[in-house]
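Q: The structure that follows is given in the form of structure tokens.
Every number here is computed from the coordinates shown, using simple stated rules; none is lab data. Predicted model only: the values in this text are computed from it and were never measured. Every residue, glycine among them, receives a Cβ derived from its backbone with ideal geometry; neighbour counts consider all protein chains shown.
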Amino acid sequence: MDGSIDNRSVGVVAPQVARFAEPVRLRCGAVIDEYELVFETYGTLNADRSNAILVCHALNASHHAAGQYADDPHNVGWWDNIIGPGKPVDTNRYFVIGVNNLGGCHGSTGPKSVNPRTGRPWGAQFPVVTVEDWVATQARLADHLGIRRFAAVMGGSLGAMQALAWTVMFPERVRHALVIACAPNLSAQNIAFNEVARQAIITDPDFHGGDYYEHGVTPKRGLRVARMVGHITYLSDDEMANKFGRQLKQGRPTYSFDTDFEIESYLRHQGNKFAEYFDANTYLRITKVLDYFDPALDHGGNLARALAPAQARFLVVSFTTDWRFSPDRSREIVTALLHNRHHVTYAEIDAPHGHDAFLLDDARYHRLVAAYLERVAGGIVA
Amino acid sequence: MSGGRTMDRPDYAAIAGWVRMDTRVLDLGCGDGSLLRYLQESRHVTGYGVEIDDDRVLACVKNGVNVIQGNLERGLSDFEDHSFDYVILSQTLQAVRNSERIVGEMLRVGREGIVTFPNFGYWKNRLQIAAGHMPVSENLPYQWFNTPNVHLCTIADFEDFCASRGIRVVERKVLTRGRPVTLWPNFFGALAVFHFGNGA
């Protein structure tokens with residue numbers, strides 16, 4: 001079993017950088033004159049360039065979706081359990097692309113990059129980006145790679161929102177969209193959690209209005225709390241109860257503000273880890289990307305009308321215990337697709353893990369994605 | 001593979017005979033999607049299946065048909081009025097809790113409905129009841145203690161039901177071992193296939 005897992009890894013991968021000299025006008029009105037996107041690819045692009053799958057990342061992930069780095073073998077891609085030779089997103093068959101989005105902090109142009117106009121880090125000056133801005137810049141990457149039409153665009157959560165946006169922004173460039181653990185927009189509750197996270201960062205004395213780079217500090221306390229809040233929403237109540245329950249670290253209460261409960265320890269660990277590598281300005285912007293996503297907004301709140309232009313076939317997947325983006329939210333997408341008579345398959349996976357389920361190795365979920373993509377492959381002209 | 005299954009399901013051919021080319025079909029309780037696939041291939045229909053079971057949803061994906069995972073008992077609220085030419089309920093009517101409601105939903109969502117169900121009035125069933133047992137026969141393969149069927153009816157019952165609710169029966173086929181039955185269908189017929197629409 002273990003041996004076969006190794007055989008099914010894409011192995012050692014290396015990021016690449018694409019440089020774009022043509023300015024991009026963002027939804028907020030700001031213009032970025034030039035930018036770089038860092039990306040990785042797995043598998044081989046076929047002769048007619050028809051086997052490409054774009055994998056869009058969610059809140060904190062990156063272009064590093066699969067495989068590992070030669071100099072850092074423990075840094076395994078965030079969706080390695082689904083991407084690889086013989087895996088559901090089969091790299092023997094598909095050319096898979098992971099890209100770090102604009103405004104990110106994993107190598108693509110973002111708040112910590114140097115603004116060529118000032119020669120200093122963008123910091124607070126980096127504009128608020130949107131899902132649509134990401135898709136527009138991903139499309140330029142596709143042009144750069146010579147990919148006219150994707151076999152599929154896929155993602156979970158915020159990644160799924162990008163897949164959905166792709167189908168209406170570039171209908172003719174997407175054959176299939178895999179929209180996993182998605183929502184057509186954020187609920188007030190979702191936005192509320194994001195705002196708590198942002199306030200934690202913004203009110204950290206080390207934030208310096210977003211220009212903390214010049215002060216040689218990072219608002220780690222804020223980032224920690226932001227990540228802790230996020231983590232609460234990714235897990236289901238049941239999953240948290242199963243994993244941690246009311247277990248005490250020392251076996252008995254200490255009547256102090258140390259980490260008594262296992263769940264406290266877990267959240268602090270996640271927060272600390274995150275604050276070490278993630279950029280606070282990026283986090284602020286990505287939570288805003290989520291908050292502003294609402295494709296129906298430009299169509300009088302009518303999601304069906306928003307999705308009307310899509311030509312793709314859809315696989316929509318939700319998870320029963322996901323309370324952040326519940327199955328009902330996915331069903332809104334499905335209903336809108338049905339209204340337009342678009343091709344759609346919808347599956348509701350009975351998984352205990354909450355929103356995080358889309359990242360986990362659930363057999364029913366992975367079998368479904370594998371079967372769907374096998375069907376997609378059947379439609380590729382070799 | 002779907003051909004083999006179709007041979008096992010004589011109601012498929014009966015249904016396909018009624019479905020016009022290039023129409024829109026909703027198949028409720030679509031199982032592994034083989035009927036939809038058969039209709040896609042033979043009648044060029046488009047549409048969706050609805051299925052609750054994980055394994056069958058997966059089988060639909062493998063069969064290349066669109067499937068929406070959901071519970072028929074909760075109604076068809078995802079589907080708009082008159083959005084399909086045909087709504088099919090194949091060998092499922094007897095297994096839904098609210099049969100009356102589902103037939104109503106079929107005619108809300110579709111212009112016409114097609115149902116197939118095992119005829120409880122089939123002579124083999126009558127004989128077993130007469131002998132004091134719940135019937136087990138080719139279209140009713142379950143024992144009383146493990147059957148999914150909760151609303152069994154006879155051909156005569158279904159016709160009365162349609163008449164009392166203003167449902168117009170367009171066509172009817174009655175089959176036993178895949179062969180059409182014309183003589184005393186409510187007695188000699190094992191499987192009923194009804195094609196119906198709104199209004200008398």
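Q: List the lysines whose Cα lies under 26 Å from the Cα of A:Lys87, skipping any in the same chain that are fewer than 8 positions away.
A: In chain and number order, the partners are B:Lys62.
Q: Of the listed peptides A:148-154, B:175-181, what is their order by residue-averaged count of other C-beta atoms within 10 Å, with the highest listed first?
A: Numbers: A:148-154: 23.6, B:175-181: 15.3.
By packing density, highest mean first, the sequence is A:148-154, B:175-181.
Q: Treat every Asp and Glu Cβ in region B:3-198 as -1 and every Lys and Arg Cβ as +1, leave all other atoms uncharged, and give the resulting dipole magnitude about the Cα centre to the nearest 20 debye. Could the numbers behind the result be given before it?
A: Numbers: 21 positive and 23 negative charges, 108 e Å.
Roughly 520 debye, rounded to the nearest 20.
Q: Once fully extended, how much extra length lies between A:Glu195 and A:Asp71, figured as 0.36 nm per residue of separation less the alpha-carbon to alpha-carbon distance? The partial results should precede the final answer.
A: Values: separation 124, 0.36 × 124 = 44.64 nm, distance 3.71 nm.
My answer for the length gained is 40.9 nm.
Q: Also, quick follow-up: Between B:Ala13 and A:Val114, what is the label-point separation in nm under the 7 Å Cα-to-beta-carbon projection?
A: Going from the A:Val114 label point to the B:Ala13 one covers 7.8 nm.
Q: Moving on. Give me the percent relative contact order of chain A, please, defined on Cα pairs under 8 angstrom at least 6 residues apart. List each step's numbers first, then the result.
A: Working: 783 pairs, mean separation 66.4, N = 382.
After rounding, I find 17 percent.
Q: Once fully extended, how much extra length lies between A:Asn7 and A:His208, figured as 0.36 nm per residue of separation less the alpha-carbon to alpha-carbon distance? Walk me through the numbers on the way to the answer.
A: Working: separation 201, 0.36 × 201 = 72.36 nm, distance 4.77 nm.
Answer, rounded to one decimal: 67.6 nm.
Q: For the pair A:Glu264/B:Gln143, report the inter-label distance in nm, with labels modelled 7 Å from Cα in the Cβ direction.
A: Calculated label separation equals 5.6 nm.
Q: What full-extension length gain, to one decimal in nm, is calculated for A:Glu172 and A:Val17 as 0.36 nm per residue of separation minus the Cα-Cα distance?
A: On the way: separation 155, 0.36 × 155 = 55.80 nm, distance 2.59 nm.
Full extension of this stretch gives 53.2 nm more.
Q: Across peptide A:340-346, how many C-beta atoms of other chains are within 10 Å of each residue C-beta, on average?
A: Working: counts 0, 6, 1, 5, 4, 12, 9.
That works out to 5 on average.
Q: Show that you can apply the helix-only estimate: for the protein assembly as shown, add -39,500 (n - 2.57) for every DSSP H stretch of four or more residues, divide by all residues, and state [θ] at 222 nm to the nearest 500.
A: On the way: 19 runs with 201 residues, N = 582.
Mean residue ellipticity at 222 nm (helix-derived): -10500 deg cm²/dmol.
Q: In the protein assembly as shown, if the dipole is taken from +1 on Lys/Arg beta carbons and -1 on Asp/Glu beta carbons about the Cα centre, which of A:Asn115, A:Phe314, A:Leu360 is farthest to the positive end?
A: Of the listed residues, the answer is A:Phe314.
Q: Would you please give the FRET efficiency between A:Gln250 and A:Glu36, computed as 1/(1 + (r/R0)^6) with r the Cβ-Cβ distance and R0 = 35 Å, to the nearest 0.05?
A: Here the calculated transfer efficiency is 0.10.
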